[in-house]
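Worksheet: one structure, shown below.
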Amino acid sequence: MADTSDILLNIIQEERAQARQSEDQRSTMTNFIIVITGALQGFIVDKNFNQESLILAALICLLGILGVISTSKLYERYSLHMARVEEFEKRLDTLCEDAQIRILLKEASSQHKRKFLLCLVKIRLNHIWNALHVFIILLGIVNFFIILS
């Protein structure tokens, strides 16, 4: 039984590391997109929103779209790894009933929800990441309208 528990713990650790890697990649991608968007916006302003900067506004929109797609995909990968962790924890809980892993996890979640506002707990971090990229798309669209007017 100790061997099975050790194997499960190692798998849980690896799955959590994979989930963390997805989050790190999402952060890196977003930072990359923000830096490039900032530079493109600087060029647009420097050119006084002339017709030549339409391509830059289009690039800002494309960067926002790339951001939404990549953060959504990385969230999907994160969710996969965390779902696996949950299943392995269930199995570990059945092997080590006296550890009461699931009961402790539920209690910790309940305490967390009581400590923080329920509305903040219900907001998915994925939605915040995607909202940032949607705002980048909107920035590109606003630039389009300013350039064309």
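Every number in this text was worked out from the coordinates using simple rules, so none of it is lab data. The structure displayed is predicted, hence computed values, not measured ones. Heads up, the Cβs are rebuilt from the backbone with ideal geometry, glycines too, and the neighbour counts pull from every protein chain shown.
Do we have Asp6 as free of Cβ contacts under 8 Å to residues at least 24 places away in the same chain, surrounded by 15 or more Cβ atoms within 10 Å (Cβ to Cβ) and in a helix (DSSP H, G or I) here? So Asp6 does not fit the description; no. For first residues located in the stretch 87-113 and among the polar types (S, T, N, Q), partners that are assigned to a helix (DSSP H, G or I) and lie 6+ apart or on another chain with Cβ distances below 9 Å form the pairs Gln100/Asp93. Could you please give the count of residues in the stretch 9-52 that are closer than 21 Å to Thr71 by Cβ, surrounded by 13 or more Cβ atoms within 10 Å (Cβ to Cβ) and charged (D, E, K, R)? Total meeting the criteria: 4. Of the residues making up the stretch 8-36, those that are among the small types (Gly, Ala, Ser) and either within 11 Å of the chain's Cα centre (by Cα) or under 10 Å from Phe88 (Cβ atoms) (or both) are Ala19, Ser22, Ser27. Kindly evaluate Ile136 against the criterion of being within 24 Å of the chain's Cα centre (by Cα) and under 25 Å from Cys61 (Cα atoms). So Ile136 fits the description; yes.
Output yes when any residue across the stretch 60-77 is of a type outside the set (Ser, Thr, Tyr) and in a loop (DSSP other than H, G, I, E, B), and no when none is. The answer is no; no qualifying residue exists.
Condition check for Ile55 on (1) among the β-branched types (Val, Ile, Thr); (2) surrounded by 15 or more Cβ atoms within 10 Å (Cβ to Cβ); (3) closer than 20 Å to Phe32 by Cα: one failure, at (2).
Taken residue by residue, the stretch 96-109 has no member that is among the small types (Gly, Ala, Ser) and within 25 Å of Thr30 (Cβ to Cβ). Taking first residues from the stretch 126-149 that are hydrophobic (A, V, I, L, M, F, W, C) and partners that are assigned to a helix (DSSP H, G or I) and loosely packed, with under 13 Cβ neighbours inside 10 Å, the Cβ contacts under 7 Å between residues at least 6 apart in sequence or on separate chains come to Ile147/Gln51.
Of the residues Leu54, Leu92, Leu80, Leu40, which is under 23 Å from the mean Cα position of the chain (by Cα), part of a helix (DSSP H, G or I) and not polar (S, T, N, Q)? It is Leu80.
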